[in-house]
Amino acid sequence: MSDTRNTGGTTWRNNPSAGSSAYDPWTQPELFRGVLTKRFFAFLIDLLVLSIPIILAIIFITLFGIVTLGLGWFLFWLVSPFSVIWALIYYGMSLGGPHGATVGMRAMDIQMRTWSGERPYFLLGVVHAVLYWVSVSVLTPLVLVVGLLNDRRRMLHDIVLGAVIINSNVQAPTLVQTNRV
């Protein structure tokens with residue numbers, strides 16, 4: 001790849017600092033202060049947000065089953081697949097949205113960014129959720145220990161995806177310029 005903006009500067013191939021992160025914990029420690037605790041409470045809020053439509057669907061299917069004399073209860077098999085689809089859409093739309101944060105993350109004043117400082121996109125949000133659930137299921141509690149051992153408070157799935165969770169209320173310099181002609 002080359003310098004497509006024709007700025008006359010160096011390209012990423014011969015720029016040794018091009019691979020550095022947009023968020024440095026040594027020069028900007030306020031971006032990472034309290035992030036793990038906020039992530040925990042954001043996760044609980046997101047679980048509540050995710051469970052409300054599922055609980056309403058279960059109540060509807062139960063009442064529908066009573067009205068149809070038990071025939072409606074055959075719809076219970078749809079609850080699990082729709083729960084997974086709902087969670088993936090929720091994480092993809094919220095993390096890939098304009099805030100780069102789920103409802104719980106916005107309530108706790110944190111947001112997700114890519115390693116280079118860009119906002120996340122839909123697919124990154126979906127894969128982030130899938131990797132989180134898989135890593136927590138397989139490696140619990142080791143995946144949580146990883147967050148305590150690095151300066152950016154990144155968990156294992158964040159490291160794999162190149163994502164960073166930062167405090168929203170702190171003004172961080174953005175390295176990504178979006179001057180498109």
Examine the stretch 91-111 for a residue that is within 29 Å of Leu31 (Cβ to Cβ), surrounded by 12 or more Cβ atoms within 10 Å (Cβ to Cβ) and among the charged types (D, E, K, R), and state whether such a residue exists.
yes
Counting only residues that are in contact with a helix residue (DSSP H, G or I) (Cβ under 9 Å, 6 or more places away or on another chain) and either exposed (fewer than 13 other Cβ atoms within 10 Å of the Cβ) or hydrophobic (A, V, I, L, M, F, W, C) (or both), the stretch 20-39 contains a total of 2
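Condition check ((1) modelled with pLDDT under 95; (2) within 12 Å of the chain's Cα centre (by Cα)) across all residues:
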residue: Leu78; (1), (2): no, no
residue: Tyr90; (1), (2): no, yes
residue: Met105; (1), (2): no, yes
residue: Ser116; (1), (2): yes, no
Which listed residue, of Leu36, Leu50, is part of a helix (DSSP H, G or I), touching a Gly at 6+ places or on another chain (Cβ under 7 Å) and under 20 Å from Ala129 (Cβ atoms):
Leu36
Filter the stretch 137-181 for residues that are under 19 Å from Phe43 (Cα atoms), small (Gly, Ala, Ser) and surrounded by 14 or more Cβ atoms within 10 Å (Cβ to Cβ); which is modelled with the lowest pLDDT?
Gly147
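The values are calculated or read from the model by the stated rules, or taken from the named source; none is laboratory data. It should be emphasised that the depicted structure is a prediction, and the values quoted were computed from it without experimental measurement. We place every Cβ from the backbone using ideal geometry, glycine too, and count neighbours over all the protein chains shown.
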